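Undergrad: Sharing a structure below in structure tokens format, with a few things to ask.
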Amino acid sequence: MNARFWKGNNDGTVSCSLCFRQCRLGDGQPGICGVRFSTGGTLISPYLGKFCACAVDPVEKKPLYHWRPGSRIYSLGSLGCNMCCPFCQNHHIADPSDGVRKKVMSFPVLAPEELVREIKELGLDSVAFTYNEPSLQAEYICSSAPLLHEAGIAVVLVTNGAMSEETAEELISCMGTDGAVNIDIKAFDPEIYRRLGGSLETVKANITAFVRSGIHVELTHLVVPGINDSTEAFCNMAEWIASVSPAIPLHVTRYFPAKHYHEPPTSKELLYSFASMAELRLKYVHTGNVQLFQ
């Protein structure tokens, strides 16, 4: 499967347009995501259609609480991410080792027809592209969508929302309004987003685009001590979400140490305090990982 979302330049480099970063790559150079490469004046993505994580999950685990509640969903994950959060819970595939890369490279491409067959045999009617950043599989998702829709299978994305406007438009078009997205809004400070390898304005624009498209949208905010635990910034975020639509569900979620970040887990008091603040502005606020509190 060929990569899209790129153009060649006169100097032999290629410019990837999949996400906000717009990486300009010389021959043999990977993008920040680590899964798209320049070779011979072409952009390739050798992991398209190759998945290393799969499960049948409750839809609430995505988390989606207001879209087909009580149902189960087929979940697929691949490799790579275009952000660099030090607290990433899925860093083993988002920022994989060379050994993991080599192993997944050897996997066969999951043909869209085979994906449909697997989902139907499990008695399911939805598929989530999740665990790593799903927009890195945009070409696969868009090519599979017609067969999925024909089989009555809805498409879900669990994403950091950092895709480019072009990619967001393509995904919105192929998903149809029966699908859903959960977008992780990591902070409400442009500088913090920059440090995490992202772009707040890009995420805000994509949240707005998905909401206006009619696709069901829920948001997740992982509260990480020392990074995004400012009360003022959180209140500003809740106000902005309400300005798009007060009916957007927000999941305020507890952080646990992971990857390179080892601050103690989010306190119960802070999590519930933030949730109470959000409830003043939003109709649906949920706390996540609360069951792990001792």
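The values are calculated or read from the model by the stated rules, or taken from the named source; none is laboratory data. Please read these numbers as outputs of a predicted model, since none were measured by experiment. So basically every Cβ, Gly included, is an ideal-geometry build from the backbone, and we count neighbours across all protein chains shown. Calculation scope for accessible area: heavy atoms of the full protein, side chains included, ligands and nucleic acids excluded. Shrake-Rupley method; radii C 1.70, N 1.55, O 1.52, S 1.80 Å.
One line per residue, one yes/no per condition, for (1) of a type in the set (Val, Ile, Thr); (2) in a loop (DSSP other than H, G, I, E, B); (3) surrounded by fewer than 22 Cβ atoms within 10 Å (Cβ to Cβ):
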residue	(1), (2), (3)
Ile32	yes, yes, yes
Ser38	no, no, no
Leu64	no, yes, no
Ser75	no, no, no
Asn82	no, yes, no
Cys88	no, yes, yes
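Undergrad: Can you list residue pairs whose Cβ atoms sit under 7 Å apart, with the first residue in segment 262-291 being in contact (Cβ under 8 Å) with a residue 12 or more places away in the chain and open to solvent by less than 50 Å² (accessible area, probe 1.4 Å) and the second being in a helix (DSSP H, G or I) and among the charged types (D, E, K, R)? Count only pairs 6 or more apart in sequence or on different chains.
TA: Pairs found: Val285/Glu279.
Undergrad: Take segment 108-130 and flag every residue that is open to solvent by 60 Å² or more (accessible area, probe 1.4 Å) and either under 22 Å from Met163 (Cβ atoms) or in contact (Cβ under 8 Å) with a residue 12 or more places away in the chain (or both).
TA: Hits for segment 108-130 are Pro108, Val109, Glu113, Lys120, Leu122, Asp125.
Undergrad: Could you please find all residues in segment 155-169 being of a type outside the set (Gly, Ala, Ser) and crowded, with 20+ Cβ neighbours inside 10 Å? Don't jump to the end; show me each part of the working.
TA: First, the residues of segment 155-169 that are of a type outside the set (Gly, Ala, Ser): 155-160, 163, 165-167, 169.
Within segment 155-169, Val155, Val156, Leu157, Val158, Thr159, Asn160, Met163, Thr167 qualify.
Undergrad: Return yes when Thr177 is of a type in the set (Val, Ile, Thr) and open to solvent by less than 40 Å² (accessible area, probe 1.4 Å) and no when it is not.
TA: Numbers: of a type in the set (Val, Ile, Thr): yes; open to solvent by less than 40 Å² (accessible area, probe 1.4 Å): no.
In short, no.
Undergrad: Then there is this: Go through the residues of segment 218-237 one by one and say whether even a single one is open to solvent by less than 50 Å² (accessible area, probe 1.4 Å), out of contact with any helix residue (DSSP H, G or I) (no Cβ under 7 Å at 6 or more places or on another chain), of a type in the set (Gly, Ala, Ser) and under 30 Å from Asp95 (Cα atoms).
TA: yes
Undergrad: Something else: Does segment 246-260 hold any residues that are in a loop (DSSP other than H, G, I, E, B) and open to solvent by 20 Å² or more (accessible area, probe 1.4 Å), and which are they? Before the answer, list the steps.
TA: Step one: filter segment 246-260 for residues in a loop (DSSP other than H, G, I, E, B), giving 246-249, 255-257, 259-260.
Of everything in segment 246-260, those that are in a loop (DSSP other than H, G, I, E, B) and open to solvent by 20 Å² or more (accessible area, probe 1.4 Å) turn out to be Pro246, Ala247, Phe256, Pro257, Lys259, His260.
Undergrad: Please find, within segment 180-199, the residue that is farthest from His260 (Cα to Cα) out of those that are free of Cβ contacts under 8 Å to residues at least 40 places away in the same chain and open to solvent by less than 10 Å² (accessible area, probe 1.4 Å).
TA: So the residue we want is Val181.
Undergrad: Given the conditions (1) buried (at least 18 other Cβ atoms within 10 Å of the Cβ); (2) of a type outside the set (D, E, K, R); (3) assigned to a helix (DSSP H, G or I), which single one is not true for Pro146?
TA: With respect to (1) buried (at least 18 other Cβ atoms within 10 Å of the Cβ); (2) of a type outside the set (D, E, K, R); (3) assigned to a helix (DSSP H, G or I), Pro146 is out only on (1).
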